[in-house]
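The values are calculated or read from the model by the stated rules, or taken from the named source; none is laboratory data. Fair warning: this is a prediction, and the values are worked out from it, not measured in the lab. All Cβ positions, glycine included, derive from the backbone under ideal geometry; neighbour counts span all protein chains shown. Ligands, DNA and RNA are excluded from the accessible area calculation, which covers all protein heavy atoms including side chains. Shrake-Rupley method; radii C 1.70, N 1.55, O 1.52, S 1.80 Å.
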Amino acid sequence: MTNHTFVIPTYKESPYLESCILNLKKQSVHSNIIITTSTPTEQTKGVAQKYDIEYFINNSGRLGIGNDWNFALSKVNTKLATIAHQDDIYEEKYTENIIKASQKKSDSLLFFTDYNDLVGDKIRAKSLNYFIKKILLLPFLIKSSHKNYSIKKSILVFGDAICCPSVTFNLENIGNSKDLFSSEHKCVLDWIAWLKLSKQKGSFTYINKKLIQHRIHESSETSVSLNSGIRKKEEYEVFKRIWGKGFAKLLMLFYSFGHKDNLL
């Protein structure tokens, strides 16, 4: 085992849970795997027992994605932690690359990788949303820039350039992760967390390899939030905090074009 944990937060019935566990067990370097939930079911409990995985129930009464993710990190006993998204696929070399990067960059707050979009059973070759993120990440192709506050922030002020399921946290360096994720948001809680961490001393380490297959489907949280309008509302709120009302509206006009890539 390594000093790394995949923590899988579950919500009610989790159709991708078992396939996610099998995927994580195929990693070239093995990690700890735990499951957390605030909505326990016999199904998730049964899967945890089947694969002999620790299963933690959040009985605090604090509900919502942000609280679920904060609780998930609180149950990790290793230095490195990845919040595993059940419907995404982690390439076999994901953990191996994270471990190697952590050994080279001990000051890192988080590590994140490149990704592919997975639509159905096929990897999508092109998307505007992906292209925008790659443009935003251009400064990070210079590895020495990873610890610079202004450059860390620069990849976030025009949109969220970091693929959330690809992120691994260095819990020893980020300090108190108890309230890392906002309990008031459904969609941009990761973006807000990156902005918060960008102010801290330490690197954001970008691994320029496609080590995640990010699944796009009709019932995903991204698709649901786009269809309901919640995502646009929350993204506008973040842009307004950074740029002010006027420029935020202008940015949303361009940023919303990329949303079409996540609608099926």
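Brief remarks on what is shown
- 222 nm mean residue ellipticity, helices alone, for the chain (DSSP H n ≥ 4; -39,500 (n - 2.57); rounded to 500): -10500 deg cm²/dmol
- Protein heavy-atom surface of the chain, 1.4 angstrom probe: 54% of the accessible area is carbon and sulfur, with nucleic acids and ligands not counted.
- Hz values of 3J(HN,Hα) by residue in region 138-155 - Karplus curve (6.51, -1.76, 1.60), Gly and Pro given as x: 3, x, 7, 5, 8, 4, 5, 7, 4, 9, 6, 4, 4, 6, 4, 6, 4, 7
- Using a probe of 1.4 angstrom and keeping all protein chains present, the accessible surface of the chain works out to 49 square angstrom per residue.
- Summing +1 for each Lys or Arg and -1 for each Asp or Glu among the other residues whose beta-carbon sits under 14 angstrom from that of Ile35 gives -1.
- Over 23 Å (Cα to Cα) - which of Lys126/Lys210; Lys79/Lys147; Lys126/Lys233; Lys147/Lys233 fall in this group: Lys126/Lys233; Lys147/Lys233
- Dipole check for the chain: with +1 at the C-beta of Lys and Arg, -1 at the C-beta of Asp and Glu, and the Cα centre as origin, the magnitude is about 1060 Debye.
- For the chain, DSSP calls about 30 percent of its internal beta bridges antiparallel.
- Environment charge at Leu251 (Cβ cut-off 13 Å; Lys +1, Arg +1, Asp -1, Glu -1): +2
- Fraction of C-alpha pairs exceeding 21 angstrom in region 3-74: 21 percent, rounded to a whole number.
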